[in-house]
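Here the structure is laid out as structure tokens; the discussion comes afterwards.
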Amino acid sequence: MGLRKFSLLAGVWFALLVGSNAQEQYSEQERRPIKTFKTIYGEIIDCINIFKQPAFDHPLLKDHKLQKKPSLSLIATKHRQREQVNQLERSHVLDGCPDGTIPILRTTKEDRMRANFFEQTRPQIYHPLSAKSPGFHFAYVELHNYPNTLYTGAKAFINNYIPKCGKGQFSAAQIWIISDINNPTNMIEAGWTVDPDLYNDDRSHLFISWKADGAGCYDLRCPGFVQVDNSITLGQILPNTSVYDGLQFEIYVAIHQEANTKDWWLTVKKDNVDVNVGYWPAKLFPQLASGAKILQFGGATHTSNGMPFPPMGSGYFPDNSYKHACVFRQIQYLNSSQSWKAPESWRGSAETSSQECYRATTNNEDQFMGYTLLFGGPGGDGCGA
């Protein structure tokens with residue numbers, strides 16, 4: 001490593017140390033947990049007063065009025081939903097947060113420094129539109145904005161796997177909501193990820209991320225996302241993982257723009273019931289005020305220089321089985337009439353940035369699976385930059 005690069009990284013690390021200490025002191029004074037409990041995986045969950053959560057430290061949200069739920073009910077999908085018991089579960093949680101609080105995954109000073117370091121040294125925006133960025137690969141389906149479509153929501157059920165990742169790598173399955181293909185400055189992401197640098201383990205985690213004109217972060221690690229639910233912890237370990245050719249586990253992720261406030265809401269399923277976790281206030285995303293021009297569903301991998309790319313999804317290429325490759329099922333978008341619709345055949349296209357290591361294919365022939373994306377692959381050394 002050159003002296004100049006080393007000095008730059010050292011400077012970033014020192015700045016993060018100072019900022020982390022200041023943030024830790026502020027957190028101790030202003031966000032003392034009302035209750036704390038631990039999961040069977042050792043996660044420490046702090047229950048924080050809902051009105052003292054990090055979101056309200058954002059300068060744009062100083063006078064923000066908390067929204068407890070979306071003001072309008074959306075028109076339900078016409079697709080039948082398969083009976084599933086393998087949704088996002090909290091079976092590994094031995095306790096819970098009381099009403100009037102939200103759960104926040106406790107992080108140490110070292111955790112925050114490490115996460116902030118990688119958030120600052122990784123590209124601020126990484127998604128399939130930036131596939132030329134060194135160290136990243138993608139396999140996904142993209143819904144185009146032809147003819148001049150503005151999307152106000154995206155949702156899908158996503159198989160949960162644990163692709164093997166080490167330090168300097170991550171592998172994710174997620175939804176992207178992107179402002180514009182030519183100027184993707186505003187973006188929302190949600191799904192699961194295996195990211196040892198971010199979470200300091202090799203398990204899959206429920207995550208959210210957002211970017212807006214250079215600002216943004218994962219989960220609740222910075223002001224922005226407003227959480228209202230007291231049962232779902234952003235960044236939590238997902239307790240169940242799918243098995244190749246065996247039992248399949250999945251999570252449900254839906255993101256939609258509320259018609260009146262223009263806030264973007266995150267919904268998951270817990271015990272097969274929709275849970276509105278919280279929302280990104282409209283003020284964060286000036287470029288998403290009228291909707292998004294691009295939706296993407298799929299996988300992303302990252303590796304540091306000199307390391308092989310990690311597996312994506314199940315680690316296997318898609319074939320004709322829904323129990324082999326990782327699957328997004330019941331992919332739908334929210335149209336201007338606030339109705340959920342499966343993509344038309346001409347609207348979506350499956351893409352990959354490295355055919356040698358990862359592949360993607362779509363299917364819309366099974367009424368229970370709906371519009372699906374099968375994707376993934378083994379990764380390795382021959383994936384290209």
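The values are calculated or read from the model by the stated rules, or taken from the named source; none is laboratory data. This is a predicted model, so every value here is computed, not measured. Methodologically, a virtual Cβ is constructed for each residue, glycine included, from the backbone with ideal geometry; neighbour enumeration extends over all protein chains shown. Remember, those area values only see protein heavy atoms, side chains included, never the ligands or the DNA or RNA. Shrake-Rupley method; radii C 1.70, N 1.55, O 1.52, S 1.80 Å.
Can you tell which of Gln124, Gln84 is modelled with pLDDT under 90, in a loop (DSSP other than H, G, I, E, B) and within 16 Å of Ala215 (Cα to Cα)?
Result: Gln124 is the single residue among Gln124, Gln84 that is modelled with pLDDT under 90, in a loop (DSSP other than H, G, I, E, B) and within 16 Å of Ala215 (Cα to Cα).
Residues of the stretch 330-365 being outside any loop (DSSP other than H, G, I, E, B), open to solvent by 50 Å² or more (accessible area, probe 1.4 Å), touching a Gly at 6+ places or on another chain (Cβ under 7 Å) and not β-branched (Val, Ile, Thr), which ones?
Arg359 - this is the single residue of the stretch 330-365 that is outside any loop (DSSP other than H, G, I, E, B), open to solvent by 50 Å² or more (accessible area, probe 1.4 Å), touching a Gly at 6+ places or on another chain (Cβ under 7 Å) and not β-branched (Val, Ile, Thr).
Go through Gly299, Gly315 for me and flag whichever is at positive phi, crowded, with 18+ Cβ neighbours inside 10 Å and under 22 Å from the mean Cα position of the chain (by Cα).
Gly315
Within the stretch 217-230, does at least one residue satisfy the condition of being within 18 Å of Met312 (Cα to Cα), at pLDDT 90 or above and not basic (Lys, Arg)?
Scanning the stretch 217-230, I find no residue that is within 18 Å of Met312 (Cα to Cα), at pLDDT 90 or above and not basic (Lys, Arg), so the answer is no.
Could you check the stretch 235-278 and list, in sequence order, the residues that are outside any loop (DSSP other than H, G, I, E, B) and more than 23 Å from Trp340 (Cα to Cα)?
Ile237
For the stretch 34-53, name all the residues that are of a type outside the set (D, E, K, R), under 14 Å from Ser231 (Cα atoms) and open to solvent by less than 40 Å² (accessible area, probe 1.4 Å).
Once the filter is applied, which keeps residues that are of a type outside the set (D, E, K, R), under 14 Å from Ser231 (Cα atoms) and open to solvent by less than 40 Å² (accessible area, probe 1.4 Å), the stretch 34-53 yields Phe37, Thr39, Ile45, Cys47, Ile48, Ile50.
Of everything in the stretch 279-296 that's of a type in the set (A, V, I, L, M, F, W, C) and not in a helix (DSSP H, G or I), which residue is most open to solvent (accessible area, probe 1.4 Å)?
Looking at residues that are of a type in the set (A, V, I, L, M, F, W, C) and not in a helix (DSSP H, G or I), I get Ala289.
Could we say that Ile175 is touching a residue at least 40 places away in the same chain (Cβ under 8 Å), among the β-branched types (Val, Ile, Thr) and touching a His at 6+ places or on another chain (Cβ under 9 Å) here?
no
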